[in-house]
Amino acid sequence: MSARGEDSPSGAEAAGPVPTVVPLLNIANVLTLSRLVLVPVFLVTLFVGDGHEPLWRLIAWGVFAVASITDHVDGNLARRYGLITDFGKIADPIADKALTGSALFGLSLLGDLPWWVTIVIAVREIGVTGLRFWVIRHGVIPASRGGKAKTLTQVVAIGLYLLPMPTALVPVRYVVMGAAVALTVITGVDYVIRAVRLRARGRRAGVGPA
């Protein structure tokens, strides 16, 4: 008998539990894929007729709302039940940008949203994606409160632009979208600063290319 006793763990057991393999086909990833599938459905409903029929705009709003809700739900499920996968890490932000991007471009094509708003938001999102790859060897920049507020404000603003609205309430759209654009720019600048600092720390530590 060893000095550890009969109840002591074997070498394999002492090393800790074997990591659980997360299946690729899980509820979080299914919801992410459903959001991607809903993007063309949303665009079809948005452009039915002349793109301004009240009933179809309500339907488009409903599709957009359901797709936006899946973004919140799949992330919570992935974190709560340990369903985070490499596929999800890649597909989730793609699905998010595909949904908001298609909505913004669609609204601009219909003449409901100024093109400069769509371009500012698109440039920010593409730029941030590029920065993620730029610093990937040095670490991950966590989502900030400002970034989360930006995402929520964008979704609410787009929803207001999709809804048929009385003339008296139209200014509400402008205010919320203005806030969304401001947060988009501010958080974009913040992301650039944090990315540069992270890369500088990584280079000082000898991580990644000089």
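Just a few scattered comments:
- Heavy atoms of residue 102: accessible area, 1.4 Å probe, square angstrom to 10: 20 Å²
- Residue among 98, 120, 159 farthest towards the positive dipole end of the stretch 60-210, charges placed on Cβ: 120
- For the stretch 87-150, the direction-averaged projected area of the alpha-carbon convex hull comes to 4.9 nm².
- Solvent exposure of residue 56, expressed as accessible area, is near 90 Å², computed with a probe of 1.4 Å over the protein chains only.
- Equivalent ellipsoid, the stretch 52-198 (semi-axes from 5 times Cα gyration tensor eigenvalues, Å): 28, 19, 13
- Compactness of the stretch 37-117 - radius of gyration and Dmax, Cα, Å: 14.6, 45
- Net dipole in debye of the stretch 29-155 [+1 Lys, Arg Cβ; -1 Asp, Glu Cβ; about Cα centre; nearest 20]: 600 debye
- Ordered by 1.4 Å accessible area with all protein chains kept, 135, 170 run largest first as 170, 135.
- Legend: residues 136, 59, 158, sorted from most to least accessible area (1.4 Å probe; ligands, DNA and RNA excluded), read 136, 59, 158.
- By accessible area, using a 1.4 Å probe on protein heavy atoms only, the stretch 37-154 has 72% of its surface on carbon and sulfur.
- Ordering of 196-205, 124-133, 178-187 by packing is 178-187, 124-133, 196-205, highest average first (other Cβ atoms within 10 Å, averaged per residue).
- Taking every protein chain into account, the 1.4 Å probe leaves residue 66 with about 80 Å² of accessible area, to the nearest ten.
- Largest first, the residues 52, 72, 138 sort by 1.4 Å accessible area into 72, 52, 138.
The values are calculated or read from the model by the stated rules, or taken from the named source; none is laboratory data. Please read these numbers as outputs of a predicted model, since none were measured by experiment. As a convention, Cβ positions derive from the backbone with ideal geometry for all residues, glycine included, and neighbour counts pool all protein chains shown. Please note that ligands, DNA and RNA were not included when accessible areas were found on the heavy atoms of the full protein model with its side chains. Shrake-Rupley method; radii C 1.70, N 1.55, O 1.52, S 1.80 Å.
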